[in-house]
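A short write-up of the structure that comes next.
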Amino acid sequence: VGNYKRTVKRIDDGHRLCNDLMNCIHERARIEKVYAQQLTEWAKRWKQLVEKGPQYGTVERAWCAFMSEAEKVSELHLEVKGSLMNEDFEKIKNWQKEAFHKQMMGGFKETKEAEDGFRKAQKPWAKKLKEVEAAKKAYHAACKEEKLAVSRETNSKADPALNPEQLKKLQDKVERSKQDVLKTKEKYEKSLKELDNATPQYMENMEQVFEQCQQFEEKRLRFFREVLLEVQKHLDLSNVASYKNIYRELEQNIKTADAVEDLRWFRANQGPGMSMNWPQFEEWSADLNRTLSRREKKKASDGVTLTGINQTGDQVSQPNKHSSSLSVQSNTVQSVQSSTNPFEDEEDTGSTVSEKEDNKIKNVSSYEKNQSYPTDWSDEESNNPFSSTDANGDTNPFDEDTPPAMEVRVRALYDYEGQEQDELSFKAGDELTKMENEDEQGWCKGRLDNGQVGLYPANYVEPIQ
């Protein structure tokens, strides 16, 4: 009696298992989302560094193909996240709502119906079982009393001091006890027989309710199996044609890298094959080499002499191949549009590249491919711009101790070509970090994303909002 409660509890467990499965899917979707964000972040940072770095030609395109692969895979994993939350999660949520109906007083309607069904089927049999237990108890008590009466009679016969009247009473007690035993035994057997006769009907009624619970549980088990198969299909990218195409295309891009072609390009553009500009006689002109803006010498205490600059144009030019408008930040993760489910309120805690690692990455390339080299030359070794590591920007002319300042990200409004070795070169739309505020002559100290530090005109940039 009452053992049906295990079957009834299974209904409540089914509702809880739906919540567990939704939590499981939600956590996996969050992992997919964070992974996609990290791939995108990695691709943006390295694409910018490779494009501005010294690598060129077909090998550069092969290298950049890895960043394209990361961006495409990131999109696929965002699709996986969307499928998990918008399809699988919502499907379980809706099925749970349709299968389990909450009551005003708590609990579920299905649980109460099963409880009432089992109790109703068990009530008549439980009543007869109670009667059997009572008859059994009475029979056993009568047997105990009979045994006690017989024992007293036997002991009295051996006692000569006992008078016949007392002996007669003990004998009558024994007789009555035997009659009680017969009566209780008959009643016990009768109630037991009635219970046996009621058992088949009881089992039939109980099994009918049990089968209803089995059918309800079968629906849940089959539904879970169906959902898990759909989740498997959403997670299995190996069967997605576009996923295979990504790596087929990546392999093709890498195989197209041609060292001979790259060397031929470099010879034609940066070597003996490049267009020459031999010195020719030029008449003097008042407008020759006129600059649009001029800077004065800095104070002697600054230790840095500043000369003229050239502005490449008044119009804001579009960023070329070696510029980027991407702002790469290692301490933030942009949120992908979240689903409107109750579990999406949690804050994503996906990890990003650490600040120390970010600084290492930014210093991978010590100079840009479009960096301008000094045009002054001399036979003296001390004046040779290529005789030291300064030509590659490995040493920083601003290494002297300076007070720390708040670094600010800024975007270039115009193209600027550095006129001296301590100046930066950038294109309109490029982003860099302002390290020091504007000085009296209108110059700022900044750092490009490749790690190069130098001066630039303050009015050539604007803060990034």
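The values are calculated or read from the model by the stated rules, or taken from the named source; none is laboratory data. Keep in mind that this is a model prediction, so the values were computed, not measured. Cβ atoms come from the backbone with ideal geometry, glycine included; neighbour counts cover every protein chain shown. These area figures cover heavy atoms from the full protein model, side chains too; ligands, DNA and RNA do not enter into them. Shrake-Rupley method; radii C 1.70, N 1.55, O 1.52, S 1.80 Å.
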**Message:** Please determine whether any residue of segment 105-117 is open to solvent by 70 Å² or more (accessible area, probe 1.4 Å), in contact with a strand residue (DSSP E or B) (Cβ under 9 Å, 6 or more places away or on another chain) and free of Cβ contacts under 8 Å to residues at least 24 places away in the same chain.
**Reply:** yes
**Request:** Sort through LYS33, LYS72, LYS47 and tell me the only one that's assigned to a helix (DSSP H, G or I), closer than 23 Å to TYR247 by Cβ and in contact with a Lys or Arg (Cβ under 7 Å, 6 or more places away or on another chain).
**Result:** LYS33
**Message:** Test of understanding: among GLN215, GLN252, which residue is open to solvent by 100 Å² or more (accessible area, probe 1.4 Å), of a type in the set (S, T, N, Q), in a helix (DSSP H, G or I) and under 30 Å from LYS72 (Cα atoms)?
**Reply:** GLN252
**Item:** Flag for LYS157 being open to solvent by 100 Å² or more (accessible area, probe 1.4 Å) and within 30 Å of ALA126 (Cα to Cα)
**Value:** no
**Asked** Are any residues in segment 390-422 more than 15 Å from ASP449 (Cα to Cα), of a type in the set (D, E, K, R) and either at pLDDT 50 or above or in contact with a Pro (Cβ under 6 Å, 6 or more places away or on another chain) (or both), and if so, which ones?
**Response** ASP415, GLU417, GLU420, ASP422
**Request:** Hey, can you tell me all the residues within segment 1-25 that are in contact (Cβ under 8 Å) with a residue 40 or more places away in the chain and either crowded, with 21+ Cβ neighbours inside 10 Å or of a type in the set (A, V, I, L, M, F, W, C) (or both)?
**Result:** VAL1, VAL8, ILE11, GLY14, LEU17, CYS18, LEU21, MET22, ILE25
**Among the candidates ASN437, ASN359, residue that is at pLDDT 80 or above, open to solvent by 50 Å² or more (accessible area, probe 1.4 Å), under 41 Å from the mean Cα position of the chain (by Cα) and among the polar types (S, T, N, Q)** = ASN437
**Prompt:** Out of ALA149, ALA126, ALA135, which single residue is of a type outside the set (Lys, Arg), surrounded by 17 or more Cβ atoms within 10 Å (Cβ to Cβ) and modelled with pLDDT of 90 or more?
**Reply:** ALA135
**Matching residues, segment 448-465, being of a type in the set (S, T, N, Q), open to solvent by 40 Å² or more (accessible area, probe 1.4 Å) and within 35 Å of the chain's Cα centre (by Cα)** = GLN465
**Prompt:** Pick from segment 251-288 the residues that are among the polar types (S, T, N, Q) and in contact (Cβ under 8 Å) with a residue 60 or more places away in the chain: which of them is nearest to GLY57 (Cα to Cα)?
**Reply:** THR256
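Yes or no, residue by residue, for (1) out of contact with any strand residue (DSSP E or B) (no Cβ under 7 Å at 6 or more places or on another chain); (2) on the phi > 0 side of the Ramachandran plot; (3) among the charged types (D, E, K, R); (4) in contact (Cβ under 8 Å) with a residue 40 or more places away in the chain:
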| position | (1), (2), (3), (4) |
| --- | --- |
| TYR35 | yes, no, no, yes |
| ARG45 | yes, no, yes, yes |
| PHE66 | yes, no, no, yes |
| LYS102 | no, no, yes, no |
**Message:** If a residue must be more than 29 Å from LYS120 (Cβ to Cβ), open to solvent by 80 Å² or more (accessible area, probe 1.4 Å) and of a type in the set (Asp, Glu), how many such residues does segment 218-242 contain?
**Reply:** 1
